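Data block below; observations after.
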């Protein structure tokens, strides 16, 4: 059983990026990219929370805001009860370092996120040097322990990133993130750049590590089949807003939001006999610079729309069993 | 029975790099019949794209086609000179590249890129070519074709760019379309649109297609037959149903099991140990043997397995395929 203390709580997170145009003396703001627009969720300890959506929907921006790599425009992010922005704004180095230790990040592309001039030993030990939470004479023991944990050999320590395959590089990234014993690991599309036969290895490794250390994962992906495999709860994002949050099985078996339904139906199933009614969405995702006024999905929605959909942005409504949906047309169906 | 449109026999394409000779395609054989869709499946580095590039002889340097035959309508394309190939590329055989953002020229309007292809192969005036281009845009279901055709590629979204690339590939009604991962760069909902479009167009125009992909889900819905490649060689070649329900090669089976299934939540995924081999010094014998759970010393490690017809129209390159348990991982689930 999982305990239900939230490790991470996000309340009404907003992140806008200004678009500026250079004037004669001053640059002026000509528009705003509404990357994330009022997102709220909480992640419990030991849970894997999935963030799903198509490119440009704001998944990565949400994660970067949680890490304070991009300062959020507004909203609150509570990590184990502490408000993150206030810590970073306070410039209290120790508190910031503590937060950085507790929240770690695995990036999408292991070819770009490892310094090519550092050996694996340097890469994995760098967080130990920065955080200094274990004495210097223990660093090498910790290094070998980590290598073993992620399924690498001791002799790999002296090698450079270019000598490894994509899957092995992602193992190095995971070892680096785990070096400081984080409570929350944000994994941003960790298997998207890997080959199919190697993806399973990394997904299984992530599950094993979670069982061993009770780490909480925030798993970001556009690939619903890996999400189904690894996540406990899933939030579906569309153009900067959540459209649906539910337990994984519930979401896949009983999707309620028309966008989730369309998304699930458009995944190609590796079975020639599979009979799926594919819901074709007309058009494409609107620009986040000028998002639709009401429901963001309204221009592509295939359900009976009413005037509410056009003018009012629907909020997330609890439909029971921890299943939340943001759809104005829902009560009528 | 439809006749063979394209037959590749024992194709070898090597890349001569400083580090050594990369045997990217090492004895690939496949056939495509008229009006048929062949799915060419494999992971990165399996040689699927190089096979397609070899058909049109546009393999980038330092790649070289060393041997084999590529018979198109009975004529060996490898014996043709550059001038003759120019008449085939784009006219007889169309090509859609993986990333529409890089396969379109950013400094020309879409109209001029389409007109260029049409006028290169057909004897028409500029105005006629333009009218044809608008027709093609209607065919690939781009809204307001008369307006959109004057756009530059950057003004279109990814899905629209891929539609435009499809329009360009189809502009001279090719008999064979090579689609190299046409949906990999796109989002799932857009991927569904493009796959549907390709399926409809293929039926409407009656052309044959080679669909290159690493996604078993994509080929399951589109292909008539599938050829599975691994490390530059063919593992298995059979009808789509046979590949999914009666896979005989251990690699095909492992590939099917390693894909996380949407329908079923499994606790642990089957893992294929190790990684794809280095093609400068590929493993001896069967190239899959270091990762294969059924590999046997001697038979698998030393002898290169030949592609044999184990069942009617079902070709497998595995020395031990006859002895193995024949259950499909898909059947087990049900």
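All of B:185, B:192 fail the test of being closer than 30 Å to residue B:40 by Cβ, within 14 Å of chain A (Cβ to nearest Cβ) and not in a helix (DSSP H, G or I), apart from B:185. Restricting B:17, B:51 to residues that are closer than 21 Å to residue B:276 by Cα and surrounded by 16 or more Cβ atoms within 10 Å (Cβ to Cβ) narrows the list to B:51.
On inspection, residue A:319 passes the criterion of being surrounded by fewer than 18 Cβ atoms within 10 Å (Cβ to Cβ), more than 14 Å from every other protein chain (Cβ to nearest Cβ), more than 18 Å from residue A:38 (Cα to Cα) and in contact (Cβ under 8 Å) with a residue 60 or more places away in the chain. At least 3 residues being under 30 Å from residue A:145 (Cα atoms) and within 11 Å of chain B (Cβ to nearest Cβ) is the threshold, and among the helices (runs of 4 or more DSSP H) wholly inside region A:206-267 those reaching it are A:224-230.
Among the residues of region A:81-103, the one identified as assigned to a strand (DSSP E or B) and buried (at least 16 other Cβ atoms within 10 Å of the Cβ) is A:103. Residue-level check: of (1) at pLDDT below 90; (2) facing another protein chain (nearest Cβ under 7 Å); (3) surrounded by fewer than 22 Cβ atoms within 10 Å (Cβ to Cβ); (4) more than 15 Å from the chain's Cα centre (by Cα), residue B:245 misses just (2). Given the criteria farther than 18 Å from residue A:212 by Cα and surrounded by fewer than 18 Cβ atoms within 10 Å (Cβ to Cβ), does residue A:158 qualify? Spelling it out, residue A:158 is indeed farther than 18 Å from residue A:212 by Cα and surrounded by fewer than 18 Cβ atoms within 10 Å (Cβ to Cβ). Filtering B:78, B:104, B:66 for residues that are in contact (Cβ under 8 Å) with a residue 24 or more places away in the chain and closer than 22 Å to residue B:27 by Cα leaves a single hit, B:66.
Looking only at region A:127-155, filter to residues that are outside any helix (DSSP H, G or I) and surrounded by 20 or more Cβ atoms within 10 Å (Cβ to Cβ); which one of those is nearest to the chain's Cα centre (by Cα)? Full working, then the answer.
Our first condition is that a residue be outside any helix (DSSP H, G or I); within region A:127-155, this holds for A:132-135, A:150-153.
Remaining after also requiring surrounded by 20 or more Cβ atoms within 10 Å (Cβ to Cβ): A:150, A:152.
Values: A:150: 21, A:152: 26 Å.
So the residue we want is A:150.
Only one of A:106, A:52, A:43 is buried (at least 16 other Cβ atoms within 10 Å of the Cβ) and either within 27 Å of residue A:138 (Cα to Cα) or at pLDDT below 90 (or both). Can you tell me which? First the steps, then the outcome.
Working: A:52 fails: either within 27 Å of residue A:138 (Cα to Cα) or at pLDDT below 90 (or both); A:43 fails: either within 27 Å of residue A:138 (Cα to Cα) or at pLDDT below 90 (or both).
That would be A:106, the only listed residue that is buried (at least 16 other Cβ atoms within 10 Å of the Cβ) and either within 27 Å of residue A:138 (Cα to Cα) or at pLDDT below 90 (or both).
The numbered conditions (1) surrounded by fewer than 21 Cβ atoms within 10 Å (Cβ to Cβ); (2) touching a helix residue (DSSP H, G or I) at 6+ places or on another chain (Cβ under 7 Å); (3) within 12 Å of chain A (Cβ to nearest Cβ); (4) at pLDDT below 90 are all true for residue B:138 except (3). Meeting the requirement of 3 or more residues that are more than 19 Å from residue B:194 (Cα to Cα), the helices (runs of 4 or more DSSP H) wholly within region B:120-173 are B:126-139.
The single condition among (1) in contact (Cβ under 8 Å) with a residue 24 or more places away in the chain; (2) buried (at least 18 other Cβ atoms within 10 Å of the Cβ) that residue A:255 does not satisfy is (1).
What number of residues in region A:189-205 are more than 9 Å from chain B (Cβ to nearest Cβ) and under 16 Å from the mean Cα position of the chain (by Cα)?
Quick first cut of region A:189-205, residues more than 9 Å from chain B (Cβ to nearest Cβ) only: A:189-194, A:202, A:205.
Remaining after also requiring under 16 Å from the mean Cα position of the chain (by Cα): A:189-193.
Final tally of qualifying residues: 5.
Looking across region A:11-36, the residues that are closer than 14 Å to residue A:239 by Cβ and surrounded by 20 or more Cβ atoms within 10 Å (Cβ to Cβ) come down to A:15, A:34, A:35, A:36.
The values are calculated or read from the model by the stated rules, or taken from the named source; none is laboratory data. Predicted model only: the values in this text are computed from it and were never measured. Cβ sites come from the backbone with ideal geometry, for glycine too, and all protein chains shown count toward neighbours.
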